[in-house]
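Contents: one structure, followed by commentary.
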Amino acid sequence: MSNEGIEYSEVHRVLLTYIISVRYISHNELDQKFGTIVHKLNPDLLNDKTLEDVLQEHITSINSKVSSHGLKIDKIRHQVSGQLYYVIINTISNEVIKGNTNYSVNELDTIKQIVDELVESSGIEFSIGVVNATQKVAGGLNKTMKEAGSVITKFIDDGWFSLTFKDRLILSIRSLSELKRYLIDRYGISNSETNGKIFSCHQCNEINTLGIGCPVVDCQINFHYKCLDIYMRNESNKGRCPNYSNCSYSWPGNELSNMDPTRIGVDPNSLYN
């Protein structure tokens, strides 16, 4: 979609300011907010275009303007629902939480330690108990447990981690988008040829820390929950594992071995909406 002739306006500025303030937002919510912005500031934008077309034009224009500052409005889908989200991310370097002046050097190091623990120490659960994380913060920043708890709350509020009903920290939508390159470079993609720790969904090829995997030993196939639904709707797949030439597993059950699929990440029912 061409953006030639689109003047960078108050609508652009308000939209960017809003997305920065919320850090990430679902497509449906942003549609509603953007509709309010347009109707208040420039309803003529909708004279010959749909709200969705105008939104996409404005996001493209904003990205063109802020790219030189290392910012981007990115798109990512929720790993369980498949719902589209918009995320404001930093693109300047591959360093984790790079250039974020809201944090001290020690706080940045502590976030890295939590990410390390989350990815490396939990097998395929991709989570860390909030008490464990709080202890790491207390030790790394020389704080009391109460003070460290406030720091953890700040990390969650700033969108780097999400907290489940069972008090476990997981990577948030923002982290999965902004830290994608960092996670892949640092931990590697898990496949038959490498010992990487990061899973990649067979359907969408994005990082998978909430989904299900084939239980057959040495079969590396895995899906996000919604992506598996999409895969299963294709009748030509016949419910069989995409690696069917080497794997007899049938999704979501296996008539031959009666094995259940392997859960990747925490129980999706433990997530807050």
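The values are calculated or read from the model by the stated rules, or taken from the named source; none is laboratory data. No experiment lies behind these values; they were computed from the predicted model shown. Cβ placement follows ideal geometry from the backbone for every residue including glycine, while neighbour counts extend to all protein chains displayed. Surface areas here come from the heavy atoms of the whole protein model, side chains and all, with no ligands, DNA or RNA. Shrake-Rupley method; radii C 1.70, N 1.55, O 1.52, S 1.80 Å.
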Kirkwood Rh for region 120-171 from C-alpha pairs, in Å, is 11.2
Quick calc, region 19-88, dipole around Cα centre from Cβ unit charges on Lys, Arg (+) and Asp, Glu (-), nearest 20 debye, gives 320
antiparallel share of DSSP beta bridges within the chain, to nearest 5, in %, is 95
Here the gain from full extension of Glu7 to Ser26, 0.36 nm per residue of separation minus their alpha-carbon distance, amounts to 4.3 nm
Carbon/sulfur accessible area of the chain, % of total, 1.4 Å probe, equals 46
Computed about the Cα centre, the charge dipole of region 98-165 from +1 Lys/Arg and -1 Asp/Glu charges at the Cβ has a magnitude in debye, to the nearest 20, of 180
Regression test value, accessible area per residue of the chain, probe 1.4 Å, units Å², expected 53
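What fraction, in whole percent, of alpha-carbon pairs in region 174-248 exceed 16 Å separation?
52
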Computed about the Cα centre, the charge dipole of the chain from +1 Lys/Arg and -1 Asp/Glu charges at the Cβ has a magnitude in debye, to the nearest 20, of 400
re the chain: pairs of Cα atoms spaced beyond 34 Å account for a percent value of 29
For region 97-246, the Cα convex hull volume per residue in Å³ comes to 120
Between the alpha carbon centres of region 127-183 and region 199-273 the gap in Å comes to 28
Taking Lys and Arg as +1 and Asp and Glu as -1, residues besides Ile212 with C-beta under 14 Å from its C-beta add up to -2
What helix-only [θ] at 222 nm does the chain give? Using -39500 (n - 2.57) per DSSP H run of at least 4, over all residues, to the nearest 500, the answer is -12500 deg cm²/dmol
Taking a crude spin-label model, label points 7 Å out from Cα along the C-beta direction, the Leu46 to Ile92 distance in nm is 3.8
Correct semi-axes for region 60-164, from √(5λ) of the alpha-carbon gyration tensor and rounded to whole Å with the largest first, are 27, 18, 12
Residue span Ser245 to Thr144: 0.36 nm per residue of separation minus Cα-Cα distance leaves a gain in nm of 30.8 nm
